[in-house]
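Engineer: Got a structure here, written out as structure tokens. Questions coming.
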Amino acid sequence: MNMTCRVALAALVPIAAGCARMVGRSAEMAEPPCCRAAGLRIAERHGVKAIDARRFTHATLWEALAPHLGAGGLRVADVGRSSEGRAIRAVTFGTGATRVLLWSQMHGDESSATMALADLIAWFAAPSVEDDALRRRLASELTIVMVPMLNPDGAERFERRNAMNVDVNRDALDLVTPEARALEALRDSLRPDFGFNLHDQNANTLAGRGGPQAAISLLAPATDASRSWNAVRSRARLLAADIAAVVARELPGRVARYDDTFEPRAFGDVMQQRGTSTVLIETGALPGDPEKQRLRAINVVAILTALDAIATRRLGRANPRFYEALPGNVRGGTSAPCADRAWGSVADTHRPRCARCANGSARSATCRPSSRWCGRPATRSPSARWGCGSCARCCPSPRCSSAS
Ligand SMILES: [Zn+2]
């Protein structure tokens, strides 16, 4: 209890009651000691500027990272080739005993975490930095292996599936794709203690029925159809709870819990089954952030928070309630406020664009940012692809209703 509250307790009963509530709430919602401020600072100061929108190719990514990869603290290795021959690369930082594997963009059009991993790599490589104590702690306690862009062929086309038209995240058992085989081989050789399966989800996903768009959804994937809680999964839940406790401060009401139906063909579930405590982080959408640059910074916060929680062994003190109390993901909810529904998408599930509001009316205000993609009002033809340079239709254009 702080001094103000002590004085208030002695003097003023009504204020004291307020202080007691405040103290109780702050204890309940105690934020882990790291890494909201550090993550936002690192994202701002070390963000890889050559990537400033969420559609970029394999060549762009690795050209942007090239100046950083020569740093002494980083090791880079090709861990496989995509079906079209692009290198699948892993970047390793740290020499600690606890092994952590992070992989992003196994779905080619889900790049938010790839941008965040690039920013973290730039920070790991920087010659001298603020937050150096944090970086030294991670380096000494952890071996962090990052695979940004597991599916470079899908990224080339900005499509979910790989060049063989296979969903890599349904290939964890059959291993018909080279991308899945590369991840599996890396898992076999590294035997990670912790794993992070980094994705983007449909922009129409809501944080709870009637809630706003889910900006970040978390999951400790199940290891069996009955969704039981063994030690490995329980540890992942504590990690997700620690992330939630931090990220929810930046995104109140917009952090959700992903559906935990067991999917035996998905990598998160399989990793968890095989002893790697794995957390799924799904980046959703935020109004006013069509290129997901704010969500990129939030991903840096989430990942850094998790890495620090592992490095400092504070997981034992995490409260699983932060995870359990999250609102569930609701797909394509219809009862959400109009301002959020107006960011839905059909053709491209990740690009916010105009959609019909729940009550059938169109809201121009929330649609307006989409017209900035091409810098002029919306004139795109219905048959055109959504992509760089294409124009979005904006509510209340008459054509908007047919797009929803
Ligand atoms: Zn995905």
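The values are calculated or read from the model by the stated rules, or taken from the named source; none is laboratory data. For clarity, every value in this text was computed on a predicted model and none was experimentally measured. Every residue, glycine among them, receives a Cβ derived from its backbone with ideal geometry; neighbour counts consider all protein chains shown.
Engineer: Can you name every residue in segment 202-227 that is within 19 Å of Gln105 (Cα to Cα), at pLDDT 95 or above and polar (S, T, N, Q)?
Structural biologist: Ser217
Engineer: Kindly indicate whether any position in segment 186-200 is within 18 Å of Thr114 (Cβ to Cβ) and more than 14 Å from the ligand (Cβ to nearest atom).
Structural biologist: Within segment 186-200 (the criterion being within 18 Å of Thr114 (Cβ to Cβ) and more than 14 Å from the ligand (Cβ to nearest atom)), the answer is yes, since at least one residue qualifies.
Engineer: Give just the number: which of (1) more than 16 Å from the ligand (Cβ to nearest atom); (2) outside any helix (DSSP H, G or I) does Leu61 not satisfy?
Structural biologist: The single condition Leu61 does not satisfy is (2).
Engineer: Look at Ala71 and say whether it is at pLDDT below 95, closer than 30 Å to Glu156 by Cβ, of a type in the set (A, V, I, L, M) and out of contact with any strand residue (DSSP E or B) (no Cβ under 6 Å at 6 or more places or on another chain).
Structural biologist: So Ala71 passes the test.
Engineer: Looking at segment 98-131, which of the residues that are aliphatic (A, V, I, L, M), within 16 Å of the ligand (Cβ to nearest atom) and within 21 Å of Arg187 (Cα to Cα) is surrounded by the most Cβ atoms within 10 Å (Cβ to Cβ)?
Structural biologist: Checked segment 98-131; the qualifying residue surrounded by the most Cβ atoms within 10 Å (Cβ to Cβ) is Ala113.
Engineer: Let me ask something else about it. Answer yes if at least one residue in segment 295-318 is under 19 Å from Leu117 (Cβ atoms), charged (D, E, K, R) and in a helix (DSSP H, G or I), and no otherwise.
Structural biologist: yes
Engineer: Right, here's the next one. Kindly provide the set of residues from segment 132-155 that are surrounded by 20 or more Cβ atoms within 10 Å (Cβ to Cβ) and of a type in the set (Asp, Glu), ordered by number.
Structural biologist: Across segment 132-155, the qualifying residues are Glu141, Asp153.
Engineer: Right, here's the next one. Out of Ile216, Ile144, which single residue is farther than 15 Å from Ser83 by Cα, β-branched (Val, Ile, Thr) and touching a helix residue (DSSP H, G or I) at 6+ places or on another chain (Cβ under 6 Å)?
Structural biologist: Only one candidate qualifies: Ile216.
Engineer: Given the residues Arg265, Arg313, Arg274, Arg317, which is the only one that is within 16 Å of the ligand (Cβ to nearest atom), of a type outside the set (S, T, N, Q) and surrounded by fewer than 19 Cβ atoms within 10 Å (Cβ to Cβ)?
Structural biologist: After applying the criteria, what remains is Arg265.
Engineer: Follow-up. Scanning for something surrounded by 22 or more Cβ atoms within 10 Å (Cβ to Cβ), in contact (Cβ under 8 Å) with a residue 40 or more places away in the chain, away from the ligand (no atom under 16 Å from the Cβ) and not in a loop (DSSP other than H, G, I, E, B), does segment 279-290 turn up at least one residue?
Structural biologist: no
Engineer: Run Ile88 past the list (1) more than 16 Å from the ligand (Cβ to nearest atom); (2) farther than 22 Å from Asp171 by Cβ and report the number of the one that doesn't hold.
Structural biologist: Every listed condition holds for Ile88 apart from (2).
Engineer: From (1) within 14 Å of the ligand (Cβ to nearest atom); (2) in contact with a Leu (Cβ under 9 Å, 6 or more places away or on another chain), pick out the condition that doesn't hold for Gly154.
Structural biologist: Only one criterion is unmet by Gly154, namely (2).
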